[in-house]
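Single-structure report; data block below.
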Amino acid sequence: MALHTVLTQGQLADATRRFGLPPPDRADPEPRGRSNTSYHLQVGADRWFLRLAEGKTGAEVAFEAEVLRFLFAAHFPVPRLVLAADGRPWIDLVGRPAMLFDHASGEAIGRAEAGPDRCRRVGEQLGRLHELSAAFSGERENPYGPATVAGWLSAIGDGHRLDAEVREALPLLREELAAAGRLPGAPRGLCHGDLFIDNVLWLGDRVSYLLDWEMACTAPFAYDLAIAIDAWCFTDHHQPARVRALMDGYRSKRRLDAETVQALPAWARWAALRFAVSRLRAALGPALPAERMVRKDWRRYRDRLLALRTLGPDGYRALLGP
């Protein structure tokens, strides 16, 4: 999330009216992340979350809405999506699809607080999501696959103002992109696609909500697991206790099949590449003021990629536990 589009009071009032609500008494922009524009709204005693999907098509927003409706009906911890007065799950606002959600209560945590106990809880939710996906009929290929990342990397490589650290990393990134053409097949289904620490809210030691489903897609479960492991279980190196706890939580909700275990090292390297390149692209892209966007350090995922290369497939699988 970020503040790409500044909405006026009139535009915000028009948005809430079309969702059947009075004008907001207060609207606070949410600057975390980088992909969308989001506002926390106070309407009387109630709180809501308005999100403009920047650069998204109606089909992409429709898939996300389908995912959220399915998971909410299954009592999975996702915020309730509010239907517009005309029955649609979004409205058109200043040329962008806008979705409204119930306020999601809970606290975000930092990396230091994401210890084994919380990793276990995250693994439980991910295992439950993948188990539920057997009943989900929607399909969406991962929009951030190798072809997209290849385009990003090509544009970065054509830049003329790259610093020494970026130039040094480019051969590594290109080598990993070439390997992505040989990603192994594995069981697949509905994946979150972005299960980072800041996309989970907590009430004490209990998960209250999983947020940000815009990257949800149908993909190998190994991809989703690899993203979660690298997000939750890596500080300046992989933390074995966190990895084992996350995997134990996952196994408590879904059987971990041999094909997924076999595929995980390759998908982990792909996930690290994908986020290294997307963050590098954002860092080199048009800048918003710091108060309107929080940027993430691309080097953290370069470091994960280097660690995965050092571990090798057998070392990575050993991290997962028996």
For D198, are the conditions met, namely being surrounded by 16 or more Cβ atoms within 10 Å (Cβ to Cβ) and among the acidic types (D, E)?
yes
Taking R18 and the conditions (1) among the basic types (K, R); (2) at pLDDT below 95; (3) touching a strand residue (DSSP E or B) at 6+ places or on another chain (Cβ under 6 Å), which numbered condition does it fall short on, given that it satisfies the others?
(2)
What is the number of the single condition among (1) in the same structural domain as D194 (by TED's automatic domain parsing); (2) part of a loop (DSSP other than H, G, I, E, B); (3) of a type outside the set (D, E) that A134 does not meet?
(2)
Please go through the range 36-88 and give me each residue that is in a strand (DSSP E or B) and without any contact (Cβ under 8 Å) to a residue 24 or more places away in the chain, ordered by number.
Q42, L81
Taking A228 and the conditions (1) farther than 20 Å from V166 by Cβ; (2) of a type outside the set (F, W, Y); (3) in contact with a strand residue (DSSP E or B) (Cβ under 8 Å, 6 or more places away or on another chain); (4) not in a strand (DSSP E or B), which numbered condition does it fall short on, given that it satisfies the others?
(3)
Looking only at residues in the range 162-207 that are without any contact (Cβ under 8 Å) to a residue 12 or more places away in the chain and not aliphatic (A, V, I, L, M), which one is nearest to H75 (Cα to Cα)?
G204
For the range 139-195, give me the residue count where each residue is under 19 Å from R304 (Cβ atoms), in a helix (DSSP H, G or I) and not basic (K, R).
19
Just checking, does the range 98-107 include any residue being more than 30 Å from D86 (Cβ to Cβ) and either crowded, with 19+ Cβ neighbours inside 10 Å or of a type in the set (V, I, T) (or both)?
no
Tell me the residue from A150, A169, A222, A164 that is over 14 Å from the mean Cα position of the chain (by Cα) and either surrounded by fewer than 16 Cβ atoms within 10 Å (Cβ to Cβ) or not assigned by TED's automatic domain parsing to the domain that holds V261 (or both), please.
A164
Considering every residue within the range 283-306, establish whether at least one is in contact with an Asp or Glu (Cβ under 6 Å, 6 or more places away or on another chain), under 18 Å from V149 (Cβ atoms) and either not assigned by TED's automatic domain parsing to the domain that holds P29 or not in a helix (DSSP H, G or I) (or both).
yes
Quick check on F234: is it in contact with a His (Cβ under 9 Å, 6 or more places away or on another chain), touching a residue at least 40 places away in the same chain (Cβ under 8 Å) and either crowded, with 24+ Cβ neighbours inside 10 Å or not assigned by TED's automatic domain parsing to the domain that holds V67 (or both)?
no
Tell me, please, whether a residue that is assigned by TED's automatic domain parsing to the domain that holds C191, surrounded by 19 or more Cβ atoms within 10 Å (Cβ to Cβ), modelled with pLDDT under 95 and in a helix (DSSP H, G or I) can be found in the range 254-268.
no
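The values are calculated or read from the model by the stated rules, or taken from the named source; none is laboratory data. Nothing here was measured: the structure is a model prediction, and the numbers come from that model. So basically every Cβ, Gly included, is an ideal-geometry build from the backbone, and we count neighbours across all protein chains shown.
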